[in-house]
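The values are calculated or read from the model by the stated rules, or taken from the named source; none is laboratory data. Predicted, not measured: the structure shown is a model, and the values here were computed from it. Don't worry about glycine lacking a Cβ; one is built from the backbone with ideal geometry, like all the others, and counts go over all protein chains shown.
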Amino acid sequence: MDKFYLEIITPEKTFFRGEVESINIPALGGACSILAGHQPMVFATEPGSLFITVDGETREAFMSEGFVEVRPDETIAFSEAVEWPEDINERRAAEARERAEEQLRRNRSSAEYRLNRAALQRAFARLRVKNHGRID
Ligand code: ATP
């Protein structure tokens with residue numbers, strides 16, 4: 001299978017850099033698969049699962065809000081946070097989920113509602129990736 005160059009950058013580090021066969025990215029409004037030769041485009045991501053396939057092996061990671069630029073020769077993704085399952089602190093994500101749920105139960109401004117809903121989405125996505133798709 002043809003490969004393409006992928007770089008995934010967060011404010012703290014380069015999360016991934018190398019040749020891949022495909023990626024599946026949590027785009028706003030639905031997952032987006034990219035293979036070599038994909039037409040150039042830019043799109044936003046929302047918190048969810050990122051799948052990276054290298055040499056026939058697919059790994060899942062958590063990916064937060066960000067954006068992706070697909071160029072003819074490479075794809076670059078920028079995100080607030082990207083984490084492999086083993087780097088996700090489950091307790092922290094569970095606490096973030098409880099905090100966001102508690103805040104959402106209170107009647108807040110629409111700006112706060114959006115922030116808390118996004119925090120809840122990040123927490124759920126982290127817990128799903130950590131537990132291979134399952135959330136208690
Ligand atoms: P919290 O309220 O726990 O900070 P958050 O969703 O607001 O959660 P982010 O803004 O997405 O956190 O991330 C801030 C930094 O903390 C990033 O470096 C991210 O990788 C890290 N981080 C956040 N939550 C976790 C977690 N559960 N496990 C590991 N790293 C985390």
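Brief remarks follow.
- Elements of type strands (runs of 3 or more DSSP E) in the range 1-72, at least 2 residues being within 22 Å of Leu115 (Cα to Cα) and within 16 Å of the ligand (Cβ to nearest atom): 41-45, 48-54, 57-63, 66-70
- The residue list Ala111, Ala77, Ala123 contains one member that is within 12 Å of the ligand (Cβ to nearest atom) and of a type outside the set (Asp, Glu), which is Ala123.
- Criterion: within 19 Å of Leu120 (Cβ to Cβ) and modelled with pLDDT of 95 or more - qualifying residue of Glu65, Glu60, Glu86: Glu65
- Residue within the range 108-118 that is in a strand (DSSP E or B) and surrounded by 12 or more Cβ atoms within 10 Å (Cβ to Cβ) present: no
- Checking Glu57, Glu95, Glu102, Glu69 one by one, the residue that is surrounded by fewer than 13 Cβ atoms within 10 Å (Cβ to Cβ), under 20 Å from Ile8 (Cβ atoms) and not hydrophobic (A, V, I, L, M, F, W, C) is Glu57 and no other.
- A search for C-beta distances below 8 Å between a residue of the range 93-119 that is assigned by TED's automatic domain parsing to the domain that holds Pro47 and any residue that is in a helix (DSSP H, G or I) and more than 13 Å from the ligand (Cβ to nearest atom), counting only pairs 6+ apart in sequence or on different chains, returns nothing.
- Qualifying residue in the range 17-27 (condition: at pLDDT below 95 and exposed (fewer than 14 other Cβ atoms within 10 Å of the Cβ)): no
- In the range 81-92, the count of residues that are under 25 Å from Ile34 (Cα atoms), part of a strand (DSSP E or B) and not hydrophobic (A, V, I, L, M, F, W, C) is one or more.
- Gly48 vs. criteria closer than 18 Å to Trp84 by Cβ and touching a Pro at 6+ places or on another chain (Cβ under 9 Å): yes
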